[in-house]
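In what follows, a structure is listed as C-alpha cells, so that the remarks can point back to it.
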Amino acid sequence: MIRKLVHVLMICCTIVPILFAACAPSTTVAPIDPAAYQLRDIDDACHEFPVGEDYEWWYMDASFDNGYSLVTSWQIIHAKVKGTLTPIRLIQFAIYDPQGKKTTRLPFFKEDNCNASKTSCDVTMGNNHLKGAYPKYDIEFLEGNAGCKLSFENLTQGFRNPPDGVTYFSREPERYMGWAIAQPKAKVTGKLILDGNEIPVSGTGYHDHNWGNTMLIDIYNFWHWGRIMSKDYTFVYSVGESSKITGSKPVSVLVTFKGHDLVDLTDKLYSDASDMVLDKVTGVNYPKILPLRVESPNVKGTITNKVKELVENDPLPGMDAGAGNGYLRFLSDCDIKLDIRGEKVEAQSTLIHEFIHF
C-alpha cells in the first residue's frame, strides 16, 4: 500500500505543477521585475502543515557531458495507510548510463533518522544530505553501490510566485499546493557512484521544490511538462486540463529566463497536439508532434517538440495495463521560433519532456 502511494508521488514530483498558471501576472508589455519573483531561502525549506495528509519533496536532475544523467527526489509524506495517518520518508534516486540502462534506489527511512530545516534547504535522511541556498546546492547520496556527490551552481535566478509560491484551490476545505524553482538552470559538477565505481561528471541540471495537501492526481485530467535550455534562454512550460471537480479548464504556464534573469511569466500558452500514437502499455494516446503557441505580449511564437524516442511508459498505480492512464517520458527534438520583447530567437535543442494522463 505504501509503495503504491509512493509511486504516485514519484510520478507527480517529476512534473512542474501547471496550477501556478493561475498565479501568472496579468499580461503586459512592461518589463517584468525579476526581483519580485526571486526565491528566498525559506521558500526552499521544509513547510509547516496542520495535522493531516500532506507531502513535500525536493527534486533535482542533471544531464552530463559524458552521456550519463541523474534524477532524485527527497520526500516527506504524511498519508493515510489503511485509515491510519502514517509518516513516510524516502529518497527516489536513478542514474541512466549513456546506453539508457537505469539503476534505481528507493531507500525508506525512520522518521527519527530524518531532519529538514524550516528556514532553508537542509535535508538529512540517514547519512544522505541535501543542502544549499542561492547560488549553490550540494547533494550527497549513497545506497549500496550507487550514489552521487554533486554541486549545483545557479546559472539563472531562483523563482517563485509572490508572496510565497502557494496556490489555493479552495478555502473550505482548504486545499493548496506550493512550488518553488530554486534552480531553473544550474551548472553541475562532481561524481556519480555506479557499481561502486566513481565517475567524474559535469553538465547542467535543475532543482525545484513542491509542498501541499492536495494531490495533483485529484485535480488534473492531464498535462504536458518540459523545460528547454538554449544558449541564451531557459524555458519551463506546462500545458494541460484540470479535473472535472476543478472545472475541466485548460491550464498552462511558460516561465522564460534570459541569461540569469526572469523575463516573462505567462499563461498564454496553447498546445496543438498532432500525429497521435497509441502506447499499448498504458493505453494512452500521445502526440508525436507537440506544437506550443505562445501569445504573451512579451513572448510570441512557437515551440515545437518532435518525439524521437519514448523512454518511459508506466501505467498509473492501481490501473490495469492499457487502461488509458499513465505516465510517459520522451526524448524529443525541439524547434524554437519566438519573438521575445522584439528579439528574434530561433534555436534547436534536445529535451526530455513528460505527459501524464489520469
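The values are calculated or read from the model by the stated rules, or taken from the named source; none is laboratory data. None of these values were measured; they are calculated from a predicted model. Quick reminder, even Gly has a Cβ in these numbers, built from the backbone with ideal geometry, and neighbours come from all protein chains shown.
Descriptive notes on the structure:
- Of Val307, Val281, all but one fail to be more than 19 Å from Val236 (Cβ to Cβ), touching a residue at least 12 places away in the same chain (Cβ under 8 Å) and surrounded by fewer than 17 Cβ atoms within 10 Å (Cβ to Cβ); the exception is Val281.
- The single condition among (1) buried (at least 17 other Cβ atoms within 10 Å of the Cβ); (2) of a type in the set (Asp, Glu); (3) part of a loop (DSSP other than H, G, I, E, B) that Asp320 does not meet is (1).
- Any hit, segment 148-165, residues being basic (Lys, Arg) and surrounded by 23 or more Cβ atoms within 10 Å (Cβ to Cβ): yes
- Residue check for Ile193: in contact with a Gly (Cβ under 6 Å, 6 or more places away or on another chain) and either farther than 26 Å from Val253 by Cβ or part of a strand (DSSP E or B) (or both): yes
- Listing of strands (runs of 3 or more DSSP E) fully contained in segment 31-97 that carry 1 or more residues being without any contact (Cβ under 8 Å) to a residue 40 or more places away in the chain: 69-81, 84-96
- Restricting attention to segment 302-358, the residues that are closer than 21 Å to Ala273 by Cα and basic (Lys, Arg) add up to 4.
- Among residues of segment 70-95, those that are surrounded by 18 or more Cβ atoms within 10 Å (Cβ to Cβ) and closer than 23 Å to Leu194 by Cβ, counted: 11
- Residue match in segment 105-122 (condition: closer than 24 Å to Lys191 by Cβ, touching a helix residue (DSSP H, G or I) at 6+ places or on another chain (Cβ under 6 Å) and at pLDDT 95 or above): yes
- Any chance Lys118 is of a type in the set (Lys, Arg), more than 18 Å from the chain's Cα centre (by Cα) and not in a strand (DSSP E or B): yes
Each row is one residue, and each column tells you yes or no for (1) part of a loop (DSSP other than H, G, I, E, B); (2) modelled with pLDDT of 95 or more; (3) not assigned by TED's automatic domain parsing to the domain that holds Ser243; (4) not acidic (Asp, Glu).
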site	(1), (2), (3), (4)
Leu150	no, yes, yes, yes
Trp179	no, no, yes, yes
Pro184	no, yes, yes, yes
Glu198	no, yes, yes, no
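Here is a yes/no grid of residues against (1) over 19 Å from the mean Cα position of the chain (by Cα); (2) among the acidic types (Asp, Glu):
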{"site": "Pro291", "(1), (2)": "yes, no"}
{"site": "Val294", "(1), (2)": "yes, no"}
{"site": "Val299", "(1), (2)": "yes, no"}
{"site": "Thr304", "(1), (2)": "yes, no"}
{"site": "Val307", "(1), (2)": "yes, no"}
{"site": "Leu310", "(1), (2)": "no, no"}
{"site": "Asp314", "(1), (2)": "no, yes"}
{"site": "Ala321", "(1), (2)": "yes, no"}
{"site": "Gly326", "(1), (2)": "no, no"}
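- Unmet criterion (only one of (1) surrounded by 16 or more Cβ atoms within 10 Å (Cβ to Cβ); (2) of a type in the set (D, E, K, R); (3) not in a strand (DSSP E or B)) for Lys288: (3)
- Taken over segment 132-153, the criterion of being among the charged types (D, E, K, R) and under 19 Å from Ser117 (Cα atoms) is satisfied by Lys136, Asp138, Glu140.
- Meets criteria (surrounded by fewer than 20 Cβ atoms within 10 Å (Cβ to Cβ), assigned by TED's automatic domain parsing to the domain that holds Asp61 and among the charged types (D, E, K, R)) for Asp208: no
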